[in-house]
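The values are calculated or read from the model by the stated rules, or taken from the named source; none is laboratory data. Note that the coordinates shown come from a computational prediction; the quantities given were computed from them, not determined experimentally. All Cβ positions, even for glycine, are placed from backbone atoms using ideal geometry, and neighbour counts span all protein chains on display. To get the accessible areas, we keep the full protein, side chains included, count just its heavy atoms, and leave off ligands, DNA and RNA. Shrake-Rupley method; radii C 1.70, N 1.55, O 1.52, S 1.80 Å.
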Number of protein chains: 2
Amino acid sequence: MPATRRRHTRRNSEQIKAPLISGARREIPTYDLMHDEGLELIEARSEQLLQEVGVKFLDDPEALKLWRASGADVSGDRVRFPPGLLQNLLKTAPRVFRQHARNPARTVELGGNNVIFAPAYGMPFVSDLDGGRRYGTIRDFENLTKLVYTSPWLHHSGGTTCEPTDLPVNKRHLDMVYAHLKWTDKPFMGSVTAPERAADSIEMARIAFGSDFVDRNCVIMANINMNSPLVFDYAMSGAIRTYAAAGQCPVIVPFVLGGATAPVSMIAAVTQAYSEVLVGCALAQLVRPGAPVIFGNFVTSVDLKTGSPSFGTPESALASYVAGQLARRVGLPVRCSGAFTSSKLPDAQAMMESVTALHAAVLSGANFVLQSAGWLEGALTLSYEKLVMDADYLGAMHRFLAGLTLEDDAFAMDAFAEVGPGGHFFGCAHTLRHYETAFYDAELSDTQAFENWSEKGAADMAQRANAKWKSSLKEYDAPHLDEGIDEELQAFMARRKEQLPDIWH
Amino acid sequence: MPATRRRHTRRNSEQIKAPLISGARREIPTYDLMHDEGLELIEARSEQLLQEVGVKFLDDPEALKLWRASGADVSGDRVRFPPGLLQNLLKTAPRVFRQHARNPARTVELGGNNVIFAPAYGMPFVSDLDGGRRYGTIRDFENLTKLVYTSPWLHHSGGTTCEPTDLPVNKRHLDMVYAHLKWTDKPFMGSVTAPERAADSIEMARIAFGSDFVDRNCVIMANINMNSPLVFDYAMSGAIRTYAAAGQCPVIVPFVLGGATAPVSMIAAVTQAYSEVLVGCALAQLVRPGAPVIFGNFVTSVDLKTGSPSFGTPESALASYVAGQLARRVGLPVRCSGAFTSSKLPDAQAMMESVTALHAAVLSGANFVLQSAGWLEGALTLSYEKLVMDADYLGAMHRFLAGLTLEDDAFAMDAFAEVGPGGHFFGCAHTLRHYETAFYDAELSDTQAFENWSEKGAADMAQRANAKWKSSLKEYDAPHLDEGIDEELQAFMARRKEQLPDIWH
């Protein structure tokens, strides 16, 4: 019965991964928290909010021109929306689309019952048990990209996994996109901090995939965090327009903290987020009807003792379920939740909050779960240990999403007949037929007897995770990248770096 | 806006607890994982299993007599059940009933949308950060009973929270029941390790509540772990009969580990557990039609690397959802899941696994969640720190179960009008009206800025929990117990202890 670790790990991924495209498949129902009348009420309040209050587009006359032409009411930089306008515009958005990876076997499908896990995004700090917390560097960025590549449970390489703060702010996107093309062959995200950096990201994708291919296919995704409440600044609306014009996928993510950037009520926060996301997704359709977009959701609350955001809370889990339902009604793929926590360490709080948020993600029907591994400290720190802990848990979520089979053999009537009352099932024929694929093998969870565990050093999960990321980095093998493409990418980066002066903040 | 810790804590419990009886109320839907055809298939396979294989009742001629009279097929100690017999017997079991506490305000209701949380049960060891892992004593038992009493989120005092191993095995039940009557006024569980200890437990309840009251009302619950697969030994079936005859509530809990005490397939394990629990609950009805019973569920799997049980797994979460659905179809209150983990420490693994299992508990529609606080190491260790960590998380689960309100004021349309695009909601009128009750205040979750947290000692959650249980014990105030009753309980214990020789294993 015992099998080696290596064998178990291979089996898990072989068993669960789909043969054609990458990603988990949700074979279990979504959890529909809210009844239809409640959802209709939210939609009606959103319509009221968009018509009476509207949103602002700062310093983006191009966006205002598009809105005016669409029939929206534009006054100064404020845009108000007549009922039904946004829903009508969104009819051209695809319900399901593919984001191609440079390795076709790693291409992912967004929408439907697909669930794509991507690592944490946007962290200025990194930490590990040996070095503690420090500013992230391009070396960390490369390490993290490699670690994500080695996990069978992370389908997507993410974007700004950590900020490479040792590089100029106006040039680091070049090195990040290069790392996503060089050290992994999973799909990835481009820069959103300025429209010209978005353009650079797309240009590099064109080198890797070919211009024609990029014009006809989605190969790059971009995470657009709004300035909630109800504002798009130029960096954001410009990035949406840039990616949409190129047929690439903006993920529209309101940044909604109940009590700060939204009212101190979850239902109002959800209503606001829903309104904001409709506007962003519809803008993409105005620029290029049919452009892929993702309905993003990031709703939590502020801790009223410290004024800081709280993560992995019961309120944000409730909000996630409703967001998933609203996204399905409007027919868009949805990004929802992640392995969120306020904790500064990969401790009990970290996993308590992260698992709360991740369950809401998978049961809400999320298609894209950005921030699903590595997050600590309210998005300030990427922890090497938490990255591998979360990734292991995502494996468990693959098993969860697969549900229970009702095949005849699964009922094991032959085993009951063989074993009978009072026996045990360790060696019966049914067990021998199935034990290798029966259960998810959580690599970082310890189930040993206390004495064995104690003799081997009494390590906690964070210490086991420390050993795991080091061995994964050691075993890392880079995927093949065509030499000509590599040279062209490097030449492009060198040229752009020469053209631009260094900016550091 | 900031408020003191004390104030927040009081507010949380005031806001969420119901006024009349204790317990959480589930205002959100259950998660129905399995379609009706799947449930019908499980029921059909169970019928086949009960008819073809049946169960054994060891050394209990009285139980066999009852089964023979009911129309079951009894051959030796094996009982086989014709289709429909058990479902028919279960018609007399109450769908909803109350377990009375000696303080009427702490009486709980089992069934319907009530969710009652009780601490861990049956641990031989205890641990805390200062003293490490050691055998439990009666002093620990009293401490733990007091800690459970101080938490607003634990409604039930449980039973054998830890084994008081410094007392003889045949007498320790007396001290445990006494502690549940003396140091708390929450409802509790009696002994099940032998029918005469069950009788002692009921006798002590009669002293505390009055004999007439006990005859007419449920005041004591008992957790009956079966010898899966498909066996009731005399200690178990005797305890069921003893409690049921007294109108008290046995909780029938198959002990189902896929790959060991059940087939290595979750759907077969669920089918087996369902079959076993029907038999146990029906036996209670044969003894006394109308006796309260609870449909218990404890289904997980064995780690095929170590041969030890795994906890908080995706497979057991799936099993919990299906068990909840099956229990609702048969119309019985359900005990399901808990804060399970295999970890030896209150670390990341511990809360990762516990939260996985607890979410399955609350969304499966569990009415009684035994093992919801303190559990470590696969039921071997009760951790003081984990007890308070879990209890804090149960507070979050109260908030989760309460769902989202759709009241007009919750949509905060006045706040949107007041704040508008680009503002913030910190000081607006709607926030000032609601901030005190808006969000659950997780006492042990840290949301401070890194610098503040670091300056204050950089404690992880386990260290904060260590401080918390010590302060709770210090602030503990015993509830009033009538002096006459106290004396009578002590006299009963003294008499019984004198009558029995000490047995130590």
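Sequence-distant or interchain residues sharing an amide H contact under 5 Å with B:PHE117, placed H: which?
Residues meeting the criterion, in which the H sits 1.01 Å from N, are B:ALA24, B:HIS155, B:HIS156, B:VAL369.
Work out the charge dipole of chain B with +1 on the Cβ of Lys and Arg and -1 on the Cβ of Asp and Glu about the Cα centre, then indicate which of B:LEU66, B:LEU41, B:ASN297 is farthest towards its positive end.
B:LEU66
Mind listing P(r) for region B:270-360? All alpha-carbon pairs, 5 Å bins, whole percents.
3, 14, 21, 20, 16, 11, 8, 5, 2, 0
Note every residue of region A:266-303 with a reduction of at least 40 square angstrom in accessible area, all protein chains present versus the isolated chain, computed with a 1.4 Å probe, or write none.
With the partner chains in place, region A:266-303 has these residues losing at least 40 Å²: A:ILE267.
Counting protein heavy atoms only and a 1.4 angstrom probe, how many square angstrom of accessible surface do chains B and A bury in total, to the nearest 100?
9600 Å²
I need the trypsin sites (Lys or Arg not before Pro) found in region B:176-261, filtered to DSSP loop residues with at most 10 other beta carbons within 10 Å of theirs. Don't jump to the answer; show the numbers that get you there.
Working: sites: B:LYS182, B:ARG197, B:ARG206, B:ARG216, B:ARG241; in loops: none.
Within region B:176-261, no trypsin sites (Lys or Arg not before Pro) qualify (loop, at most 10 other Cβ atoms within 10 Å).
For B:LYS56, list the lysines whose Cα falls under 21 Å from its own Cα; do not include residues on the same chain fewer than 8 positions away.
B:LYS65
Set the Förster radius R0 to 25 Å, insert the Cβ-Cβ distance between B:ASP166 and B:THR193 as r into 1/(1 + (r/R0)^6), and round the FRET efficiency to 0.05.
Efficiency computed from Cβ-Cβ geometry: 0.90.
Using the Cα gyration tensor of region A:344-470, with a ≥ b ≥ c the square roots of its eigenvalues, what is the shape: rounded (a/c below 1.5), prolate (a/b larger than b/c) or oblate (neither)?
Details: a/c = 3.20, a/b = 1.57, b/c = 2.04.
Oblate.
Taking a probe of 1.4 Å, how large is the accessible area per residue of region B:53-109, in Å²?
Heavy-atom SASA per residue in region B:53-109 reads 49 Å².
Between the DSSP loop rule and a limit of at most 13 other Cβ atoms within 10 Å, which trypsin sites (Lys or Arg not before Pro) in region B:73-102 are left?
B:ARG95
Would you mind working out the accessible area per residue for region A:301-417, using a 1.4 Å probe, and quoting it in Å²?
On a per-residue basis, region A:301-417 sits at 15 Å².
Please give the FRET efficiency for A:ALA105 paired with A:GLU498, using the beta carbon to beta carbon distance and R0 = 30 Å, rounded to the nearest 0.05. List each step's numbers first, then the result.
Values: r = 36 Å, r/R0 = 1.21.
Rounded to the nearest 0.05, the efficiency is 0.25.
Using a ≥ b ≥ c from the Cα gyration tensor of chain B (square roots of the eigenvalues), is it rounded, prolate or oblate, where a/c under 1.5 gives rounded and otherwise the larger of a/b and b/c decides, a/b for prolate? Could you put the intermediate results ahead of the total?
Details: a/c = 1.71, a/b = 1.36, b/c = 1.25.
Since a/c reaches 1.5 and a/b is larger than b/c, the shape of chain B is classed as prolate.
Name the residues of region B:365-411 whose accessible area falls by at least 50 Å² when all protein chains are present instead of the chain alone, probe 1.4 Å?
Buried by the other chains: B:PHE400, B:LEU404, B:LEU406, B:PHE411.
Please report how far the C-alpha centroid of region A:444-495 lies from that of region B:442-482, rounded to the nearest whole angstrom.
The distance from the Cα centre of region A:444-495 to that of region B:442-482 comes to 35 Å.
Compute the accessible area per residue over region A:146-283, keeping the other protein chains in place, probe 1.4 Å, unit Å².
19 Å²
Label position 7 Å from Cα toward Cβ: report the copy-to-copy distances for A:ASP502 in nm, one decimal, ordered from shortest.
7.8
Going down the list A:LYS456/B:LYS305; A:LYS470/B:LYS386; A:LYS305/B:LYS474, which pairs span over 22 Å between their C-alpha atoms?
From A:LYS456/B:LYS305; A:LYS470/B:LYS386; A:LYS305/B:LYS474, over 22 Å: A:LYS470/B:LYS386; A:LYS305/B:LYS474.
Could you please state, rounded to a whole Å, how far the C-alpha centre of region A:78-131 is from the C-alpha centre of region A:221-238?
14 Å
Given a Förster distance of 45 angstrom, what is the FRET efficiency for B:SER471 paired with B:ALA417, based on the Cβ-Cβ distance and rounded to 0.05?
Taking R0 as 45 Å, the efficiency between B:SER471 and B:ALA417 is 0.50.
Taking the label point as lying 7 angstrom from Cα along the Cα-to-Cβ axis, what are the distances from A:THR137 to the corresponding position in the remaining copies, in ascending order and in nanometres?
5.3
Cross-link partners among lysines for B:LYS171, C-alpha distance below 24 Å, same-chain residues fewer than 8 apart left out?
List returned: B:LYS146, B:LYS182, B:LYS186, B:LYS497.
With loop defined by DSSP as not H, G, I, E or B, and exposure as at most 15 other Cβ atoms within 10 Å, which is the longest segment of chain A clear of exposed GluC sites (Glu not before Pro)?
A:28-406
Nearest 20 debye, what's the magnitude of the dipole of chain B about its Cα centre given +1 on Lys and Arg Cβ and -1 on Asp and Glu Cβ?
Its charge dipole is roughly 640 debye.
Measuring from a point 7 Å out along Cα→Cβ, what nm distances, shortest first, does A:PHE426 have to its partners in the other copies?
Ordered by increasing distance: 6.3 nm.
Among DSSP beta bridges whose residues both lie in chain B, state the antiparallel percentage, nearest 5.
Approximately 45 percent, going by the DSSP bridge assignments.
For a test of the definition: using alpha carbon positions, the gyration tensor, and the 1.5 limit on a/c, classify region A:16-97 as rounded, prolate or oblate.
Because a/c hits 1.5 or more and a/b fails to exceed b/c, region A:16-97 counts as oblate.
If you take the Cα Rg of the protein assembly as shown and divide it by 2.2 N^0.38 Å, with N the number of residues, what do you get?
0.96
Could you order B:ILE207, A:ILE240 by accessible surface area, starting with the largest, using a probe radius of 1.4 Å?
These residues rank, largest area first, as B:ILE207, A:ILE240.
Within the accessible area of chain B, what % is carbon and sulfur when the probe is 1.4 Å and the other protein chains stay in place?
About 51 percent, which is the carbon plus sulfur part of the accessible surface.
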